[in-house]
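The values are calculated or read from the model by the stated rules, or taken from the named source; none is laboratory data. Fair warning: this is a prediction, and the values are worked out from it, not measured in the lab. Backbone-built Cβ (ideal geometry, glycine too); neighbour counts: all protein chains shown. When the accessible area is computed, the model is the full protein with side chains, heavy atoms only, and any ligands, DNA or RNA have been set aside. Shrake-Rupley method; radii C 1.70, N 1.55, O 1.52, S 1.80 Å.
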Amino acid sequence: MKRNDMEKILNIGVRLSSERNLDELLVYILKSVMELAGCDAGTLYLREGDALNFEVMRNDTLGTYSGGSGEKAQLPPVPLDRGNVCAMALLEDRAICIEDVKNNRDYDFSGPIRYDAMTGYNTRSMLVVPMHGRDGEKPGVLQLINALDPEGRVCPFPPDMALVLESVASQAALAIQNVRYTQEIHELFHPFVRVMSTTIDERSPYNANHSRRMAQCGGKFVDWLNAR
């Protein structure tokens, strides 16, 4: 691993640990790993049940960007089927590197082939990396497409790139989990405060205004913490 790559990974880790907005976090994750891998396109999937949902997509050659706070990709979820390379990477918990998609017979690449036929794009090299979180949880998958050499020509991904991206993918998974946990706490906090203040009001109506003000202050405090 080059020193420049190590510095990039450290900088990415700092940003991942500080981002609190899930949409912006997902966009940053994909943008960062694409820059680190020096590739032209990529997709970030999040797991929901037995499928992978398209969350963020970028293609620099075509100038197409979707997901995050922008328009979501209107594509059906990818089932966790071993014929699909993204699903296989998640199920077998390993990075998968493909030199030439169209000449590979190990996985179902009908999706990329249809995409190329519709857009005129030429998908060749691919690197798929699962994201590892805490307690064995794997919240999603990163799919990177068409590595570029210094002259901007499509080439295979370097052999050591999978290890580099696995490190970043683990940091990304933890960041996603942390943001989700914070959102869940936030969603649970407001109903809890409302129930408690209502219960207090019913027991002692003289404190009603005070209870409501405290509930409002508590809610604003939590919002402030999430915005930091």
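Key figures for this structure:
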{"item": "E166 being in a loop (DSSP other than H, G, I, E, B), surrounded by fewer than 18 Cβ atoms within 10 Å (Cβ to Cβ) and charged (D, E, K, R)", "result": "no"}
{"item": "Candidate set: the range 30-54, residues that are in contact (Cβ under 8 Å) with a residue 60 or more places away in the chain, farther than 22 Å from F157 by Cα and surrounded by fewer than 23 Cβ atoms within 10 Å (Cβ to Cβ); chosen: the one nearest to the chain's Cα centre (by Cα)", "result": "L46"}
{"item": "Some residue of the range 162-172 being closer than 24 Å to V14 by Cβ, among the charged types (D, E, K, R) and at pLDDT 85 or above", "result": "yes"}
{"item": "Considering residues of the range 121-145 that are touching a residue at least 40 places away in the same chain (Cβ under 8 Å) and either assigned to a helix (DSSP H, G or I) or among the charged types (D, E, K, R) (or both) only, the residue nearest to G83 (Cα to Cα)", "result": "K138"}
{"item": "Some residue of the range 72-86 being closer than 19 Å to L30 by Cα and of a type in the set (G, A, S)", "result": "yes"}
{"item": "Evaluation of N84 against (1) surrounded by 14 or more Cβ atoms within 10 Å (Cβ to Cβ); (2) over 21 Å from S125 (Cβ atoms); (3) at pLDDT 90 or above (one fails), failing number", "result": "(2)"}
{"item": "Subset of the range 91-114 (residues that are free of Cβ contacts under 8 Å to residues at least 40 places away in the same chain and open to solvent by 70 Å² or more (accessible area, probe 1.4 Å))", "result": "E92, R94, K102, N103, R105, D106, D108, I113, R114"}
{"item": "The listed residue being within 18 Å of A95 (Cα to Cα), modelled with pLDDT of 65 or more and among the small types (G, A, S), out of G152, G133, G120", "result": "G133"}
